[in-house]
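Student: Below: one structure in structure tokens.
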């Protein structure tokens, strides 16, 4: 199935756009406070298209993400109940939020730091930090370390893995497309029977 490979190629083209670093910064910023799509979907293709700039792109993503996290922190600190709680419920993050608030009661800095490595949306961490009144300096330190390690790991892996990683991505996308189509046909066939 070449549709996913074509989409991937289009993403690589977008990653070479002269304003791509601005878009990466914008996505990283809003993802850290309200947006549901992580910036890795921009960072990885940008690093693949320009491995010499991969570290710069990781820096942009880290700074913008931490600044966006401050907005999330302020949302949690100032307007949690009237605005943020209904959004958490709407997006289905209640369970993740409960787990995070329990961890914050144990140790706020480590919760923020570890959240940078876990598949928990960073916006939930940022909002919970504000809601739990984690000291802002601790939140910033944990955010810079946690988010930075993730973004720089992606960038450096791509920078030094380059062509091998790109070939593997193409192979995986081709196989995923074939699996997806096979499953869709099987489900459709099952529904029709």
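The values are calculated or read from the model by the stated rules, or taken from the named source; none is laboratory data. Note that the coordinates shown come from a computational prediction; the quantities given were computed from them, not determined experimentally. As a convention, Cβ positions derive from the backbone with ideal geometry for all residues, glycine included, and neighbour counts pool all protein chains shown.
Student: Could you name every one of the helices (runs of 4 or more DSSP H) located completely within the range 102-193 that has at least 1 residues being under 15 Å from the mean Cα position of the chain (by Cα) and either farther than 30 Å from residue 74 by Cβ or at pLDDT below 75 (or both)? Can you show your working first?
Tutor: Details: elements: 108-115, 122-131, 136-192.
Of the helices (runs of 4 or more DSSP H) lying wholly inside the range 102-193, those with at least 1 residues that are under 15 Å from the mean Cα position of the chain (by Cα) and either farther than 30 Å from residue 74 by Cβ or at pLDDT below 75 (or both) span 108-115.
Student: Something else now. Filter the range 78-87 down to the residues that are surrounded by fewer than 19 Cβ atoms within 10 Å (Cβ to Cβ) and part of a helix (DSSP H, G or I), then identify the one that is modelled with the highest pLDDT.
Tutor: Looking at the filtered set, the residue picked out is 78.
Student: Looking at 55, 30, which one is within 17 Å of residue 127 (Cα to Cα), surrounded by fewer than 24 Cβ atoms within 10 Å (Cβ to Cβ) and either touching a strand residue (DSSP E or B) at 6+ places or on another chain (Cβ under 7 Å) or at pLDDT 85 or above (or both)?
Tutor: From the options 55, 30, the qualifying one is 30.
Student: Confirm whether residue 71 is surrounded by 15 or more Cβ atoms within 10 Å (Cβ to Cβ) and outside any helix (DSSP H, G or I).
Tutor: So residue 71 does not fit the description; no.
Student: Is it fair to say residue 96 is modelled with pLDDT of 85 or more and either in a helix (DSSP H, G or I) or in contact with a strand residue (DSSP E or B) (Cβ under 7 Å, 6 or more places away or on another chain) (or both)? Break it down into steps so the answer makes sense when it comes.
Tutor: Working: modelled with pLDDT of 85 or more: no; either in a helix (DSSP H, G or I) or in contact with a strand residue (DSSP E or B) (Cβ under 7 Å, 6 or more places away or on another chain) (or both): yes.
Taking the combined requirement at face value, the residue does not satisfy it.
Student: If you check residue 35 against the conditions, is it surrounded by fewer than 20 Cβ atoms within 10 Å (Cβ to Cβ), within 22 Å of residue 158 (Cα to Cα), at pLDDT below 85 and touching a helix residue (DSSP H, G or I) at 6+ places or on another chain (Cβ under 9 Å)?
Tutor: no
Student: If a residue has to be surrounded by fewer than 17 Cβ atoms within 10 Å (Cβ to Cβ) and more than 13 Å from residue 66 (Cα to Cα) to count, how many in the range 115-152 make the cut?
Tutor: Qualifying residue count, the range 115-152: 5.
Student: Same structure again: Within the set of pairs 6 or more residues apart or between chains, which connect a residue that is touching a residue at least 12 places away in the same chain (Cβ under 8 Å) inside the range 13-41 to a residue that is assigned to a loop (DSSP other than H, G, I, E, B) with Cβ atoms less than 6 Å apart?
Tutor: 27/39; 28/39; 31/38; 31/39
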